[in-house]
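One structure below.
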Amino acid sequence: MNDFPSSPWTDSGTDPIDPAVPCPVDPEQLPLEEYRQLERSWFFRWPAKGPSGLVRFLLVSWLGALPVGLLVASGSWSLKSHAPRLAIAALTVTLVLPLLLLLRQWLGWSRLHGRLCSERVEYEESGWYDGQVWEKPLAWRQRDLLVAQHQVGPVLQRLRQGMLWVLLLMGLGTGLCQAL
């Protein structure tokens, strides 16, 4: 999928593009490595696979939550006597889970996008929350910006569209349930 080297740094902690630039940041805290980790993550990989991967993930999560939605909707006395409204209410309630999953994915990818676009890398030097800031060299900024625009940007766009569709379906289900 990506032709990035397995590591953007060498064992000496220097920039492979310009070996004269030392990199004080722990390799795992670099934005490009965070991108690779998100891409390998089971949860965050779904929207990166393309629209079909995201739709499949949403359908599986929606169908998985359907029994719980039916259980919740069947708790209403007015819906128990009206099966179509019960089914529509259950289908609508179960859309909450895919919406929450999309929101979590969007927050993760959005944070990464911000770190890739930033001119600086915030990192922890000793793990004691001592917050250091390192200015990225120009070559790193350009590379990270390309990844942000061409790899992460489309993922964020798919997630926005997915959230919009889920919200529209929730509104349609709510309206239909009220109309019956």
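Nothing in this text is a laboratory measurement; each read-out follows from the coordinates by a stated rule. Given the structure is predicted, the values throughout are model-derived calculations rather than measurements. Cβ sites come from the backbone with ideal geometry, for glycine too, and all protein chains shown count toward neighbours.
Can you list the GluC sites (Glu not before Pro) in region 99-180 that are in a DSSP coil and have 16 or fewer other beta carbons within 10 angstrom?
Glu119, Glu124, Glu125
Got a sec to turn the phi values of region 95-106 into Karplus ³J(HN,Hα) couplings, 6.51 cos²θ - 1.76 cosθ + 1.60 with θ = phi - 60°, whole Hz, x for Gly and Pro?
With coefficients 6.51, -1.76 and 1.60, one gets 6, 5, 4, x, 5, 5, 5, 4, 4, 5, 5, 4 Hz.
What order do you get for Thr92, Thr174 when you list them from fewest to most C-beta neighbours inside 10 Å? Kindly include the intermediate steps, with their values, before the conclusion.
On the way: Thr92 20, Thr174 15.
By the 10 Å Cβ count, ascending, the order reads Thr174, Thr92.
Treating the Cα atoms of region 63-173 as identical point scatterers in vacuum, please give the log10 of the normalised Debye intensity I(q)/I(0) at q = 0.11, 0.20 Å⁻¹, two decimals.
Computed log10 I(q)/I(0) values: -0.57, -1.01.
Among Val155, Val147, Val72, which comes first, then next, by fewest other beta-carbon atoms within 10 Å?
Val72, Val147, Val155
Most exposed first by the Cβ proxy, i.e. fewest other Cβ within 10 Å, how do Ser74, Ser81 rank?
Taking fewest neighbouring Cβ atoms as first place, the list is Ser81, Ser74.
For region 118-179, how big is Rg over Rh, using alpha carbon atoms and the Kirkwood form of Rh?
When Rh is taken as the Kirkwood radius, the ratio is 1.33.
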